[in-house]
Amino acid sequence: MKQTVFDVLMYLFENYLDEESAKQTDPEQLKVQLSDAGFQKTHIAKAFEWLEGLVRLQDETTPVCHSNNTIRVYHETEAKKLNVECQGFLHFLEQMGVIDATSREHIIDRAMALEPEEIELTQLKWVVLMILFNQSGVDEAYVWMENMVLENISKDFH
């Protein structure tokens, strides 16, 4: 099976990124555990870079726009990586009030930082979940998104 940075991120999110684990786990120790779990060191390093980028976004970003009447125009490279289905999904989440324009930009930024040339909708949903997990005050949106992601996983297995 070909591993990717996304696989490392998924593993981290599913196994370590609850509030208790996040506070108690030393990053260097976590890297060793990931290596022991079979992940390549280059993928581990890139996953940590991805997470550091997420933290930087949370710390540096000011709100983008508060109006629901705006339309996001995707740059050519963004449109190539985030197909129409992914773009439509982000628009849907905004219209439903699950994400705002700032969160959308964080999601796009982190999706663009992933390796594949094109992001699948399932991967984008996990990126959304990771972004919401790292934001304060969006508990309801996080639970809604988590239910959507987990519902899709259970459908895949049946």
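Values in this text are rule-based calculations from the coordinates and carry no lab data. Small disclaimer: the values here were computed from a predicted structure and weren't measured. All Cβ positions, glycine included, derive from the backbone under ideal geometry; neighbour counts span all protein chains shown.
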Mind checking which residues of region 79-124 are over 23 Å from Thr42 (Cβ atoms), charged (D, E, K, R) and either touching a residue at least 60 places away in the same chain (Cβ under 8 Å) or surrounded by fewer than 17 Cβ atoms within 10 Å (Cβ to Cβ) (or both)?
Lys80, Glu85
Would you pick out the residues in region 87-123 that are in a helix (DSSP H, G or I), within 13 Å of the chain's Cα centre (by Cα) and not acidic (Asp, Glu)?
Leu90, Ser103, Arg104, His106, Ile107, Ile108, Arg110, Ala111, Met112, Leu121, Thr122, Gln123
